[in-house]
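*Asks:* Please find one structure pasted underneath; my questions will follow.
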Amino acid sequence: MKNKDLCLYGAALFGMVLLTASCEKMNLSGRSNNADEGEANVVVRITSFEQVPFSASTRAAVGDVCNHLNFVVFDENGERVDQKNQELGDEGFGEGRFTLPLGNYLLAIVAHSSDGNPSVNKRTASKNESISFTNAKGYTDTFFASKGLTVGDSAINLDMNLRRVVAKVRFVNEDAIPEKADSIRIYYEGGSGSIDAQSGYGNVKSKQTTWFDKRETPFEIYTIPWEDNAYLEATIGAFQAGELLTSTVIDSIPIRRNCITTCRGALFDGKVTKVSFTITVDDSWGTPIDYQIPPK
């Protein structure tokens with residue numbers, strides 16, 4: 001009987017030793033459940049958005065401004081070497097972690113609310129690295145930042161401030177939308193759907209299209225200007241079951257990053273193909289601009 005008790009005691013003691021050794025081995029690793037967290041040598045956190053028209057604060061929460069984030073790293077040759085895509089609700093939304101070899105890189109961050117992730121294009125002989133949105137994904141309020149990185153032996157921790165890179169144009173109709181119409185299309189040229197990853201300006205002459213339900217008035221579109229003082233030409237069309245009912249063309253619409261241009265007038269009278277508007281720019285985004293399109 002004593003021998004049996006001794007065997008049971010020895011087995012229990014051996015089990016405790018194994019359990020203790022296992023726990024010690026787990027603690028020695030120093031890693032959290034996220035393996036990337038222990039290995040990352042570049043950690044980027046979005047800490048603020050400039051130019052956000054919130055009266056309560058100039059440092060908006062990330063989720064209040066966008067629902068998609070893209071962190072992109074390019075090497076010295078302009079090739080993409082890593083990319084982290086995040087959606088609102090993801091763990092760690094607003095923070096990008098990278099494990100990069102020693103060297104020089106360009107980091108680009110885009111915050112937006114488009115349907116999905118933009119495409120990323122490497123540097124070419126004629127264009128810098130770029131991040132592009134499409135008609136299918138849609139165009140939204142968009143914020144951006146880029147920074148050169150030199151990765152050495154020490155870890156890098158960055159707090160990044162993003163700035164708005166789009167202009168918004170708001171169309172306010174002062175006539176009735178055709179009763180038969182079920183949708184509105186705005187087709188516009190003069191801006192860009194692509195961001196130059198080094199300058200933050202547009203770099204592709206985009207033909208952009210946005211569709212609206214006719215009840216969504218006022219109609220608002222976004223574009224990325226090529227320069228501080230640029231112009232759009234827009235065609236506003238009313239459609240029924242895909243068939244065009246009437247359209248109006250507005251040219252010489254001034255646009256600027258971080259500004260809202262408001263166009264007011266008869267958008268659906270169908271009597272003319274071109275019309276001039278008085279353009280004002282809302283200063284809730286940026287510096288106010290008053291612009292009167294000269295009569296033709």
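The values are calculated or read from the model by the stated rules, or taken from the named source; none is laboratory data. Here the structure is a predicted model, which is why all the values come from computation and not from measurement. We place every Cβ from the backbone using ideal geometry, glycine too, and count neighbours over all the protein chains shown. For accessibility, only protein heavy atoms count, side chains too; no ligands or nucleic acids. Shrake-Rupley method; radii C 1.70, N 1.55, O 1.52, S 1.80 Å.
*Asks:* For the peptides 194-200, 219-225, 72-78, what is the packing order when you average, over each peptide's residues, the other Cβ atoms within 10 Å and list the highest mean first?
*Replies:* Details: 194-200: 21.3, 219-225: 24.1, 72-78: 17.9.
Put in order of decreasing packing, that is 219-225, 194-200, 72-78.
*Asks:* Per residue of the stretch 192-204, in order, report the coupling 6.51 cos²θ - 1.76 cosθ + 1.60 (Karplus, θ = phi - 60°) as ³J(HN,Hα) in whole Hz, putting x for Gly and Pro.
*Replies:* Values, residue by residue: 9, x, 10, 9, 6, 6, 9, 9, x, 8, x, 9, 9 Hz.
*Asks:* Same structure, new question: Near the amide H of C263, under 5 Å away, which other amide H atoms are found, from residues 5 or more places off or on another chain, if H is placed in the peptide plane?
*Replies:* When sequence neighbours closer than 5 places are left aside, the close amide H contacts are R170, F171, V172.
*Asks:* Note the full-extension length gain between E174 and S113 as 0.36 nm times their separation in residues minus their Cα-Cα distance, in nm to one decimal. Walk me through the numbers before you get to the answer.
*Replies:* On the way: separation 61, 0.36 × 61 = 21.96 nm, distance 2.91 nm.
Answer, rounded to one decimal: 19.0 nm.
*Asks:* Exactly which GluC sites (Glu not before Pro) in the stretch 128-181 are in a DSSP loop and have at most 12 other Cβ atoms within 10 Å?
*Replies:* In loop regions of the stretch 128-181 (DSSP not H, G, I, E or B), the sparsely surrounded GluC sites (Glu not before Pro) are E174, E179.
*Asks:* Convex hull over the alpha-carbon atoms of the stretch 132-257: what's its volume per residue in Å³?
*Replies:* Output value, Cα hull per residue: 120 Å³.
*Asks:* Determine the share of the stretch 89-147's accessible area contributed by carbon and sulfur atoms, expressed in whole percent, with a 1.4 angstrom probe.
*Replies:* 47
*Asks:* Could you give the nm distance between label points at E95 and D269, where each point is 7 Å from its Cα heading toward the beta carbon?
*Replies:* 5.8
*Asks:* Please tell me which of these pairs span more than 19 angstrom C-alpha to C-alpha: K84/K207; K137/K205; K137/K207; K137/K168?
*Replies:* K84/K207, as the Cα separations exceed 19 Å there.
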